[in-house]
1. Using alpha carbon centroids, what distance separates region 58-93 and region 268-308, in Å?
2. Which number do you get for Rg(Cα) / (2.2 N^0.38 Å) in region 77-170?
3. Quick one: which residues, 5+ away or cross-chain, put their amide H under 5 Å from the amide H of residue 167? H built at 1.01 Å from N.
4. State, to one decimal in nm², a quarter of the convex hull surface area for the C-alpha atoms of region 65-322, i.e. the direction-averaged projected area.
5. What is the magnitude of the charge dipole of region 65-322 about its Cα centre, with +1 placed on the Cβ of each Lys and Arg, -1 on the Cβ of each Asp and Glu, and no other charges, expressed in debye to the nearest 20?
6. Per-residue HN-Hα couplings for region 114-120, Karplus 6.51 cos²θ - 1.76 cosθ + 1.60 at θ = phi - 60°, whole Hz, x for Gly and Pro?
7. Looking at this model, which pairs from 94/329; 80/329; 130/248; 163/329 are more than 25 angstrom apart at the alpha-carbon?
8. Once the cut-off is 17 Å, how many percent of the Cα-Cα pairs in region 130-244 end up in the long-distance tail?
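Please treat every number below as a calculation from the coordinates, not as lab data. Not measured: the values here are computed from a predicted model. Cβ: placed from backbone, ideal geometry, glycine included. Neighbour counts: every protein chain shown.
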Amino acid sequence: MPWHINDSEITPEAVFKDRRNIVKALGLGAVGASMPSAAQADIFDLFSKDKEKKKFVTQPLAFTKDTNYAKDEIVTPYNKVTTHNNFYEFGTSKKAPAQNSQEFQVEPWSLVIDGEVERPITLGYDDFTKLMELEQRTYRMRCVEAWSMVIPWLGFPLATLLKRAGVTSKGKYVAFETLHDPEQMPGQKNRFLGGGIHYPYVEGLTISEAMNDLTFMAVGLYGKSLPPQNGAPIRLVVPWKYGFKSIKSVVRIRVTSQRPPTSWNQLAANEYGFYANVNPAVDHPRWSQASERRIAEGGLFSAKRIPTLPFNGYGDQVADLYRGLDLRKNF
Ligand SMILES: Nc1nc2c(c(=O)[nH]1)N[C@H]1C(S)=C(S)[C@@H](COP(=O)(O)O)O[C@H]1N2
Ligand SMILES: [Mo]
């Protein structure tokens, strides 16, 4: 049986990325319909072996400091944090990111910190975990869609990175960018699957927001490296802002003099502002922001409704950043 060959005898591993390539590598052309069913079974064995090989694996990570910023609240179970996601690059339903991202390749990865800095930095995959001292931060996470979670992240303050790079006097904003790789991210290939966002997904903060100690670069959650659906290998977490600010799978952090464009604002400026601070007093044009469903055990609609707090409850640390700003206009 010519199709029953060991991987090593055919081609380098890279070719075994998807079914089309396997079919090409085996020289089978349009298989399937014309093939006897036993032969088809062999082919599908080969696919599933390949799947096992590529399947994403999370690694345990050590941390030195552990701070809970959601005291007395129940931490959202791991299986909810990793199966109820927004990551439109992998599809727009809540389950799609977990389903479609398990073959996501994060090694090698390169994260560039550049722009208005004295010393641009490029970090490789191992650098996030080996050069940086990791801490655990348990934060509330409030999506603009009025659901929320409590998540124990692992990572380091963004300010640590920015201080190493040395922000120049022209640095007023920070622009973030997600990986652009349509081969790996079906939502970037197909406008319908990707929810109409113009990719790569981009986000931004003012420099004072970026330097605030709460602003965190997460490389893990629940004591392990990030699963792809949560933004592997490194993502932003800004706990006083709506979740869409917390951009995933970041490849570039650029300090700028001008306010950078942001993806959801570009898509619907009347609904999603640049600031996006959690604010129960300013409703979304299509729904109230006064309360939220806190996701725990059970489904979204059995989740308890609780009041939403200004700045998601982090006003003590961040309200000063917005003194004199009309938060109704600057939503
Ligand atoms: N690149 C990218 N980052 C993203 C998103 C996205 O679609 N693409 N969704 C955002 C939204 S709307 C939310 S609520 C959070 C969800 O993070 P979580 O899935 O880890 O809970 O990620 C944010 N970061
Ligand atoms: Mo969100």
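1. Between the Cα centres of region 58-93 and region 268-308 lies a distance of 18 Å.
2. So the Cα radius of gyration is 1.33 times the expected 2.2 N^0.38 Å.
3. For residue 167, the qualifying residues are 118.
4. Here the figure is 12.9 nm², rounded to one decimal.
5. Computed charge dipole of region 65-322: roughly 400 debye.
6. 8, x, 7, 10, 6, 10, x
7. Exceeds cut-off: 94/329; 80/329; 163/329.
8. It works out to 61 percent of all Cα pairs.
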